[in-house]
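Structure first, then comments.
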Amino acid sequence: LQDIGDRRGVGGSLNNIGSIYNSQGDYPQALDYYQQSLAIRQDIGDRRGEGIMLNNIGGIYDSQGDYAQALDYYQQSLAIRQDIGDRRGEGESLNNIGFIYNSQGDYPQALDYFQQSLAIRQDIGDRRGEGESLNNIGSIYKSQGDYAQALDYYQQSLAISQDIGDRRGEGAMLNNIGSIYKSQGDYAQALDYYQQSLAISQDIDAPEIEAILLANIGRLFEQQKQPDLAIIFLKEAVNSYEIIRTNNQDFSSQELQQSYTDKVADNYRTLADLLLEQGRIPEAQQVLDLLQLEELREFTDTRAVWTSNGIRLSNPEQTVADAHGSLIALGNKVVECERDNCANLDTLYSQQENLLAQYDAEVARFVEAISVNRRNDDIFQNPDNVSGDAQKLLEAYAAEEQNTLLVYPFVLEDKLWLVWVTVGDVVGSIEVPVSQGELASTVQQFGALLKSRSSNLSELQATSQKLYSWIIEPIAAELEKNNIDHLVFVNDRVTRYIPMGALHDGENYLLENYTISTVLSPAATDMGDRLGPVANSNVLGLGLTEAVENFSPLPAVRDELAAIIKGQENKGVYPGQSFLNQDFTLDAFKNNVQGNRILHVATHAAFEPGRPEESFIMLGDGNRMRIPDIETMQRRLRNLHLVVLSACQTALGGTNQQDGTEITGLSSYFLEANRAEAVVASLWSVNDRSTSMLMQRFYENMAAGETKADALRKAQLSLLGSDQTADGDERIIGQREAEASGAAPLSHPYFWAPFIMIGNGL
C-alpha cells in the first residue's frame, strides 16, 4: 500500500496493526500505530477514519487510567461522528464517554450516555454494540447495589455475545455475572463464572482481562478466609500486570506509566497485606517494591541483586496453579463442545469431573502442607523445653563473665509470647497483645526504612520504638535486675527479620546498651569451641571486585581482604590466603577451605523469595555457588569455626514458605553439625564501602582479644558514632534511576545494622 501510494489503505493498515498490539496489552506500540494512522487520515481529509483513530487513542488512555486524556479524545471523536452522520461511530463514542464517567463514579452522567448509546445501537441493528451498552448499563446498577437489575442487563448482553460469536464480549459478561454472585455471597457460582471467563481470556490471548480475572478469583478466596489460595491467584494477577507494565515502559510519558500503576495498585496492596498477615515479609516487600517506578530490583555498589521478574510462586503454589490451569483449559473445550453440540461431550464431562477432583485434592494437599509448616518449625526450639540446652549455653557465657539473657520471642496468631531464661534455671514469660499480622506489618515497615540510606531517621526510630515496646520493654526490669550485658535471641517467625541491635528506646539503639547475638536454637549451638589465638586462626578470603554479568564492581573488597589477611605488605591482621575475581572459583573454594578456621566471602549474593534453591553466592569467575555446592563439601568445612558472609541477604533463603522460617538461609548450611560454630551474615543489601570498613574493624577487634559478638558490636558502634559519610550513586541497572546520590552518614542504621552474629558469639 505504501509502495502504490494508497494512503487511505496505509492508514487502515496502521490502525489494524495497532489493534493487534492493543489486544495483546502492548499499549505503547498500539498508541504509536494509532497516532501514525491518525496523522495520515487528518492529512488526506478522511474524517470517518479520523473519528475512528481519535476513539482508539482515547481507548489507550482509558486503559491506562488517564481518564482526562481519554475523555478529550472520545469527545473529539464524537463531534466528528455526529457531524458526518456516522451513527454506528456515534453510538460507540457515546458508550465510551459513559464509561469514563462510570470510572469516575458519576453514575447519573454515565447512565445517560449509555442509554443514548443503546438507543442508537438498537436502532441501527448494531448487535455487538448493543451488547456492550447493555453490559455497561448493568455495571451502573451493580455500582448502586441493584444486583437484580444488573444481572438482568448482564444476561441480555451475554446472550447477544454468544449469539454473534463475540468471545471477548462473552468473557467480559461471564466475569461480570460472576461479580454479581460474589457480591451476593454465592461464591461457588461466582467461581464457576470467573473460571469460564478465564478460559476464554486465555484462549483469545487477552492479558488485561486475564489479570482482572485472576485478581477476582484471588479476592474471592480472600473473602472465603482462604488466604493461602488467594495469594496464589493474586501473585499470578500481579505477574500479568507486570508484563503490561513492562511494555508500558516504552511510553515516553512517565505520567501515563504511573496512571496505569495507580489503576491496578489495589491488587498489589491486597496481595502484600495477605502476605504480611502470614508473616511472609520478603515477598510482601517485593510486591510493594513493584509499585514503585524506581523499584530497586538490582543494585550496583551494593553487594546484592534481586533476580526475579514479577513475584515468583513457591513450589507448592506452582503445583496448585498448574493444576488450575489444566482445569481451565479443559473447561474451555467443554464450553466449545456444548456450543457446537459435539459428539464427545460426555467424554469431556468425565474428564472435567476427574480433573476437578484432582485439583481439589491438590488444593487440599497444599492447605495441609501449609498447616504443617506453621505447626512444625524445625529450627525454633519450643520454649517449654529450654532448661538443659539453654543452661549449657548460658553457663558458657557466664564462664566468660558475661551476664547473659536468652530471649525467645514466640509468635502466635493473636499474641507475642516472650520467654526469657538466665543462668541457674531462672525462666519467665510474658504475653504481649500484638497479632502476627500487626507485628509483621511493623517489621516490614521497619525493614523498608532500614534498607534505604535516604530514609527519614525520625520515622525509622519511631517505627523501631514500636517493636522495642513489644520485644524489649516487657523484659526491661529483668535486664536491669540481673545486670544483663549480653542478649542472645532465639527468634521465631517474623522476628527473625529484625536486626535487634537497631531497636530504639527513644534515646539509644539496643546495640548501644548490649552485646547482641542470635542462635538458631541452643541445642544446635556448639559452645565448646573457641576461635583461638590469631596465629592459629588462618583465614581463607574469597572476593569479587570486578563487574560480572549485571553485577557492578565492588572495589572496596580488595582493601577489605588486604586489611584482614596478611599479605606481602603485611598489612592484614590474620594469617591466610585470598583469591580474587577469576581466581575465586568453586574449585579454589573446595581445594583451599580445609584447615582454615575462618572463611570470609566478600561478593554479590542473591535471594529469591519463595525459591530458595535459586539463591546463590556469585563466584569471581561468573559462576554461582548454590546451596547444593555447600552441602557436597561437608567434610571440607569441618575445621571452620567462623564463616563471614560479607554479602547481602546471606541470612535469608531456606524454605518455600517465607514467614520467617527461611531466615537461616545460606548461613544455616555452614552452621550444621561438624561445620562452623558461628556465622556473620546480612539481613539485607549492604553497601560496598561501609561493609569493607565494618569488616576491617571487626577483624581488628577480634585480633585484639574481643569475643566475636563483642567485636561485631564495636565495629558497628564505630560506624554508628562516625561523622563520616558513604558517597557514590547506587545506580540501578537498566531503566531504573538512582535511589539516592551524594553522601549519606555512616551513622544511619542502613550501613551498620544489616549484619547479625548467628551461633557461638564467644
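Key figures
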item: Region 27-169 - accessible surface per residue (Å², probe 1.4 Å); result: 41 Å²
item: Area of residue 590 that stays accessible when all protein chains are in place (1.4 Å probe, Å², to 10); result: 50 Å²
item: Accessible area, probe 1.4 Å, largest first, for residues 700, 677; result: 700, 677
item: Selection from 495, 85, 623 lying farthest towards where the dipole of the chain points positive, charges on Cβ; result: 623
item: Read-out Cα Rg over 2.2 N^0.38 Å, derived from the coordinates shown; its label in (i) 1.31; (ii) 1.03; (iii) 1.12; result: (iii)
item: Heavy-atom SASA rank of 317, 368 (probe 1.4 Å, accessible area, largest first); result: 368, 317
item: Exposure ranking of 23, 63 by accessible area [1.4 Å probe, largest first]; result: 23, 63
item: Accessible-area value, residue 99, 1.4 Å probe, nucleic acids and ligands omitted, Å²; result: 80 Å²
item: Helix 67-84 axis, angle to the chain major axis (alpha carbon atoms, nearest 10°); result: 10 degrees
item: Amide proton proximity set for residue 489, modelled H, under 5 Å, gap of 5+; result: 407, 517, 518, 519
item: Modelled FRET efficiency - R0 60 Å, residue 351 with residue 535, Cβ distances, 0.05 increments; result: 0.25
item: Too-long pairs where the Cα-Cα distance tops 23 Å, listed order kept, from 142/182; 571/714; 590/714; 481/708; result: 590/714; 481/708
item: Computed [θ] at 222 nm, deg cm²/dmol, the chain (DSSP H ≥ 4; -39,500 (n - 2.57); rounded to nearest 500); result: -18000 deg cm²/dmol
item: Relative contact order of the chain, pairs being alpha-carbon contacts under 8 Å that are 6 or more residues apart, as %; result: 10 percent
item: Whole-Å distance, taken between Cα centres, linking region 125-165 and region 28-105; result: 22 Å
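The values are calculated or read from the model by the stated rules, or taken from the named source; none is laboratory data. Source: prediction; values computed, not measured. Methodologically, a virtual Cβ is constructed for each residue, glycine included, from the backbone with ideal geometry; neighbour enumeration extends over all protein chains shown. Keep in mind that these areas ignore ligands, DNA and RNA; they rest on the heavy atoms of the full protein, side chains included. Shrake-Rupley method; radii C 1.70, N 1.55, O 1.52, S 1.80 Å.
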